[in-house]
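Quick note: the coordinates plus some simple rules give every number you see, no bench work behind them. Not measured: the values here are computed from a predicted model. Cβ placement follows ideal geometry from the backbone for every residue including glycine, while neighbour counts extend to all protein chains displayed.
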Amino acid sequence: MSLEVDTGRLKSEADEPGWEVDPDDEWGVAVITTVGRQLKLRREAVGMRAADFAKAVGYGEDLVYKIEGGKRIPREEYLDKADEVLEAGGLIAATWEDVQKVRYPKKVRALGEMEAKAVEMQLYDPLNIHGLLQTPEYARGLLLMRRPAYTEDEVERFISARVARKAVFERDPAPELSFVLEEWTLRRPLGGRTALRGQLEHLLAAGQLRNVELQVMPMDREEHAGVDGGIEVLKFGDGSAVGRSPAVANGRPVTEPKLLRILELRYGIIRAQALTPRESTAFIEQLLGET
C-alpha cells in the first residue's frame, strides 16, 4: 500500500469545532460508534498505526482516537481521505450517508424532518429573524450572544444545522412559507453592519420566491397580537398539522384542533396588523439603503 505523509501542520481538535457527539442522542451515538469502529478495524487490518494514519490524513492523532472511539463526528473530507489512505474502495467514504443523518443535534433533526414534510408553514419569531431565513453570518452573531455562552463546538454545529434546514426552499413541489418579521430584528446589527447588510439582501432574495411571503411588523404599531410570543404552525399533505407557541401548552408541540385554531387565529391577526408583502419589501429595501 502506498502512503504519502503530509508533513504540514496537522489539523487538531481546535481546528475542527462543532462535531462533538451528544451522549443523550442514542441513535447518533450508535451510528458514530459504528463508523468509528469500522475505521479502526480497517486501519488495523492494513497494519497502520494511529500515529501514521493521522499524518497520512492530515489530522492530529487525538482526533483519530476520538473518531475511532465514537466520541467525535467525522467530516466528509475526513472519511474521503481515510478511504483513500486505507484503500477501502469507497466503503469508508460511503459511511458519510449515515453520518450526515445524525451530525446535527437531535432536536434540530426532529424539526428538520417535520419541515421536510410540511406543505405549508406559518412562522413568527418576535425576538430574531427566523432560523430558516438566517444567513450563516447572522446566525453566528446571534449564537455568540447566548449567555451562558455556547462552546465553539455548539456554535458551529448549530450554524451547520440551520444551513441544512434551508433545503426546504429547494423542495419540489415547494411548500408555502409565510414569515412575519419584527422591524427591530431587521435593525439590530448582530455580527456587524456587513453581516446585517448580507442578511437584508438575503431577505429580499427570499421574498422574491413565489412560495414565500415576508411581512414586517413595524415598531410603531399600537396593536399587536404577538405579545405572547412566537408562533409556528406546520401543515402536512394528509391534512394534519402541528403547532407551537410559548403561550400554548407551555411551548410543547400541539396537534389538537382546538389549540391549533388558537395559534392560527393569532397568526392571522398578526399578519393583518403587519405590512403587506409588497410594503415589507419596500421597507427592507429602505433599511438596506440606510445600513
| field | Low-density loop positions, trypsin sites (Lys or Arg not before Pro), segment 25-82 - DSSP coil, at most 13 other Cβ in 10 Å | value | Arg49
| Roughly how many debye, to the nearest 20, is the charge dipole of the chain about its Cα centre, given +1 on each Lys and Arg Cβ, -1 on each Asp and Glu Cβ, and no other charges? | 420
| query | Counting DSSP beta bridges with both partners in segment 106-290, what percentage is antiparallel, nearest 5? | reply | 50
| request: Note down the net charge around Ala174, summing +1 for each Lys or Arg and -1 for each Asp or Glu among other residues with Cβ under 11 Å from its Cβ. | output: -2
| said: Only counting other Cβ atoms within 10 Å, I'd like Arg188, Arg252 sorted with the fewest neighbours first. | reply: Arg252, Arg188
| Filter on Lys40/Lys71; Lys71/Lys101; Lys101/Lys166; Lys71/Lys166 - keep pairs with C-alpha separation over 21 Å | Lys71/Lys166
| Direction-averaged shadow area of the convex hull around the Cα atoms of segment 106-290, nm²? | 10.7
| For the chain, what is the mean residue ellipticity at 222 nm derived from helices alone (per DSSP H run of n ≥ 4: -39500 (n - 2.57); sum divided by total residues; nearest 500 deg cm²/dmol)? | -14500 deg cm²/dmol
| For segment 109-200, size of Cβ-based charge dipole, Lys and Arg +1, Asp and Glu -1, in debye | 340
| request: Rank Leu200, Tyr267, Leu214 by how far each Cα sits towards the positive end of the charge dipole of the chain (+1 on Lys, Arg Cβ; -1 on Asp, Glu Cβ) and give me just the farthest. | output: Tyr267
| query | In degrees from 0 to 90, rounded to the nearest 10, what is the angle of the helix 277-290 Cα long axis to the longest principal axis of the chain? | reply | 70
| remark: Relative to the chain, whose Cα atoms define the longest principal axis, helix 106-117 and its Cα axis are tilted in degrees, nearest 10, by 60
| request: Just name one of Leu181, Ala167, Leu144: the one whose Cα is farthest towards the positive end of the charge dipole of segment 101-187 (beta-carbon charges, Lys/Arg +1, Asp/Glu -1). | output: Leu144
| note | Here FRET efficiency (C-beta to C-beta, Ala206 to Tyr65, R₀ 30 Å, nearest 0.05) is 0.10
| said: Explain nothing, just the number: dipole magnitude of segment 13-102 about its Cα centre with +1 on each Lys and Arg Cβ and -1 on each Asp and Glu Cβ, in debye rounded to the nearest 20. | reply: 360
| Using a ≥ b ≥ c from the Cα gyration tensor of segment 46-143 (square roots of the eigenvalues), is it rounded, prolate or oblate, where a/c under 1.5 gives rounded and otherwise the larger of a/b and b/c decides, a/b for prolate? | prolate
